[in-house]
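Scroll down for the structure; my scribbles are underneath it.
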Amino acid sequence: MAVDETLKPVDLYAGHLISPIDASSFLDVRRGAIAVDGVGKIQDVGPLEELRAKWNAARVFDFGDRLILPGLIDLHIHLPQFTETGKSGETLLSWLEKYTFPAEARFADPEYARKIARWFFSELARNGTTLANVFTTIHWRSTDQAFEVASEMGIRAIMGKVLMDRHAPAALLDNTEDSLRQTRELCEKWHGFDDGRLLYAFIPRFAITCTSAQLNGVARLWQAYEGTYMHTHLSESQEEVEFVQTLFPGSRSYTDVYAKHGLLGDRSIFAHSIHLSQGEMSELSKTRSSIAHCPGSNFFLKSGRFKYFPVKEAGIRFGLGSDIAGGPYMSLFQVMRDAYYTQSDCWIPAPELLYRATLGGADALGLEEKVGSLAKGKEADFIVVDPTRNTGITADRLSQSMEDIISALVFMGDDRLVEATFVRGRCIFEVEPNLVSKAKQEFSGAPR
């Protein structure tokens with residue numbers, strides 16, 4: 001007999017609710033609450049007093065005038081590069097040789113990989129990221145360890161083993177047949193784990209490091225496993241674009257390389273995508289491919305400027321990525337700020353940037369019906385945020401308009417603002433011990 005989820009225990013999480021409804025409108029409830037059932041789904045959203053009356057047996061965790069926002073979604077990040085964050089001074093290809101490849105080679109040791117994975121996912125939660133689309137390395141045991149750690153810590157992730165069979169150090173080159181077999185085994189083990197909290201992505205690093213045989217093999221696997229992703233890099237730097245042209249002279253463009261190998265389509269995520277022609281943008285839009293815009297990384301490595309409004313006007317789905325360690329910080333609040341600053345000749349409204357880091361990211365992943373906003377029927381991935389934890393933000397900001405509050409988050413926000421992070425209603429980070437368990441008594445439904 002099926003169990004009615006609405007009969008399971010319900011908790012009310014109360015605060016100032018701010019959440020995108022769609023790309024152009026937001027929910028804004030100052031003394032609001034979300035009702036979360038025992039399996040971590042949102043059963044109701046609205047004014048606190050209305051939900052108290054409706055769910056009169058519920059426990060109430062009242063965060064006063066603090067913000068309750070959807071969890072942040074990082075569309076492109078590298079787990080093994082976490083130790084290299086902030087190391088600069090190189091363009092993309094030389095930066096890979098100097099920092100990235102040596103860091104990834106250390107993941108031949110699964111115990112080392114497990115240690116870094118625990119650190120990595122802990123930092124994601126501390127930064128308010130509830131879902132990350134993650135590159136690992138070519139090492140299948142270390143990738144398996146990353147999944148193990150994510151499964152234990154309760155975070156939501158899309159991951160996969162990286163494939164490379166040329167133009168990389170010998171220690172990071174794989175045999176295509178063996179690599180595809182290991183990739184298939186990892187997919188069968190982890191894709192859909194915990195009712196879809198962990199999902200699998202097939203990850204050919206980029207066209208420079210993958211032969212046609214490897215790209216074709218990835219396409220076959222991606223098409224064979226329903227609901228999986230294909231995640232790679234596209235047009236990050238001009239030197240990369242030119243190198244790809246020499247490797248695939250029969251292709252019209254970098255995007256066409258992936259198209260000819262069957263790697264465009266729904267649930268394909270292309271990181272960066274800076275140097276795209278109008279024709280390439282049309283192809284990505286037509287195939288419902290998505291882009292991970294990584295402004296901090298593009299700024300940091302001086303790779304170029306993303307065509308924000310042309311991409312938007314082409315109808316391509318896109319969200320934001322930190323691209324650790326090309327990007328110098330994990331906080332998506334800082335990434336939102338960089339997305340604004342890198343567009344030197346146009347204005348992006350602050351609420352749109354928050355949309356890109358939440359519901360826009362979910363839409364790019366095809367998960368907009370499950371996560372990305374505070375809405376009835378979605379899974380309860382949310383964060384508790386106090387903008388005044390950054391001393392540069394005035395204490396009265398929380399009493400101002402929603403637009404001004406979001407502006408403060410975008411232009412002055414970082415990891416310091418995040419007080420608690422929840423995935424499916426389970427707290428996976430709190431800034432101080434017992435913050436959540438004390439919320440009912442400490443705040444007692446009254447603003448500070």
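Checked across the range 333-346, the condition of being aromatic (Phe, Trp, Tyr) and more than 15 Å from Ile406 (Cα to Cα) holds for at least one residue. Could you please find all residues in the range 117-131 being more than 16 Å from Glu430 (Cα to Cα) and either outside any helix (DSSP H, G or I) or in contact with a Gly (Cβ under 7 Å, 6 or more places away or on another chain) (or both)? Passing the criteria: only Leu131. For the range 304-326, the tally of residues that are of a type in the set (A, V, I, L, M, F, W, C) and at positive phi stands at 0. In the range 354-446, counting only helices (runs of 4 or more DSSP H) that sit wholly within it, none holds 2 or more residues that are touching a Cys at 6+ places or on another chain (Cβ under 7 Å). When you look at Ala53, is it open to solvent by less than 40 Å² (accessible area, probe 1.4 Å) and of a type outside the set (S, T, N, Q), yes or no? It is false that Ala53 is open to solvent by less than 40 Å² (accessible area, probe 1.4 Å) and of a type outside the set (S, T, N, Q).
Of all residues in the range 217-238, those satisfying the criterion of being polar (S, T, N, Q) and open to solvent by less than 60 Å² (accessible area, probe 1.4 Å) are Thr228, Thr232, Ser235, Ser237.
Residue by residue, here is whether (1) under 27 Å from Val134 (Cα atoms); (2) in contact with a Gly (Cβ under 8 Å, 6 or more places away or on another chain) holds:
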position	(1), (2)
Glu368	yes, no
Val371	yes, yes
Gly377	yes, no
Asp381	yes, yes
Thr391	no, no
Ala395	no, no
Ser399	no, no
Met402	no, no
Ile405	no, no
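Out of curiosity, is Asp396 among the acidic types (Asp, Glu) and either over 29 Å from Ser25 (Cβ atoms) or without any contact (Cβ under 8 Å) to a residue 60 or more places away in the chain (or both)? It is true that Asp396 is among the acidic types (Asp, Glu) and either over 29 Å from Ser25 (Cβ atoms) or without any contact (Cβ under 8 Å) to a residue 60 or more places away in the chain (or both). Please find, within the range 389-401, the residue that is nearest to Met159 (Cα to Cα) out of those that are open to solvent by 20 Å² or more (accessible area, probe 1.4 Å) and touching a strand residue (DSSP E or B) at 6+ places or on another chain (Cβ under 9 Å). Of everything passing the filter in the range 389-401, Arg389 is nearest to Met159 (Cα to Cα).
Taking the range 56-90 as the range and being closer than 30 Å to Leu301 by Cα and open to solvent by 20 Å² or more (accessible area, probe 1.4 Å) as the test, the residues that pass are Phe82, Thr83, Thr85, Gly86, Lys87, Ser88, Gly89, Glu90. Of all residue pairs spaced 6 or more apart or on separate chains, those with beta-carbon atoms under 7 Å, a first member in the range 163-183 that is farther than 22 Å from Leu247 by Cα and a second member that is among the charged types (D, E, K, R) are Gln182/Lys161; Thr183/Lys161.
Can we say Val162 is under 18 Å from the mean Cα position of the chain (by Cα) and more than 30 Å from Ser373 (Cβ to Cβ)? Talk me through it step by step, then tell me what you get.
Values: under 18 Å from the mean Cα position of the chain (by Cα): yes; more than 30 Å from Ser373 (Cβ to Cβ): yes.
Yes.
Sub-7 Å Cβ pairs linking a first residue in the range 97-120 that is open to solvent by 10 Å² or more (accessible area, probe 1.4 Å) to a second residue that is among the β-branched types (Val, Ile, Thr), at least 6 apart or interchain, are Arg114/Val149; Arg118/Val149, ordered by first then second residue.
Conditions (1) open to solvent by 20 Å² or more (accessible area, probe 1.4 Å); (2) basic (Lys, Arg); (3) in contact with a His (Cβ under 7 Å, 6 or more places away or on another chain), marked per residue:
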site	(1), (2), (3)
Ser179	no, no, no
Gln182	yes, no, no
Glu185	yes, no, no
Lys189	yes, yes, no
Thr211	yes, no, no
Glu240	no, no, no
Ser251	no, no, no
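Residue pairs whose Cβ atoms lie under 6 Å apart, separated by 6 or more positions or on different chains, with the first residue in the range 268-291 and farther than 13 Å from Phe206 by Cβ and open to solvent by less than 10 Å² (accessible area, probe 1.4 Å) and the second among the hydrophobic types (A, V, I, L, M, F, W, C) and in a helix (DSSP H, G or I), are Ser290/Ala364.
The values are calculated or read from the model by the stated rules, or taken from the named source; none is laboratory data. Bear in mind that the values here come from a model prediction, so they are computed numbers and not experimental data. Positions of Cβ are backbone-derived with ideal geometry, glycine not excepted, and every protein chain shown enters the neighbour counts. Accessible surface is based on the protein model in full, side chains and every heavy atom, while ligands, DNA and RNA are left aside. Shrake-Rupley method; radii C 1.70, N 1.55, O 1.52, S 1.80 Å.
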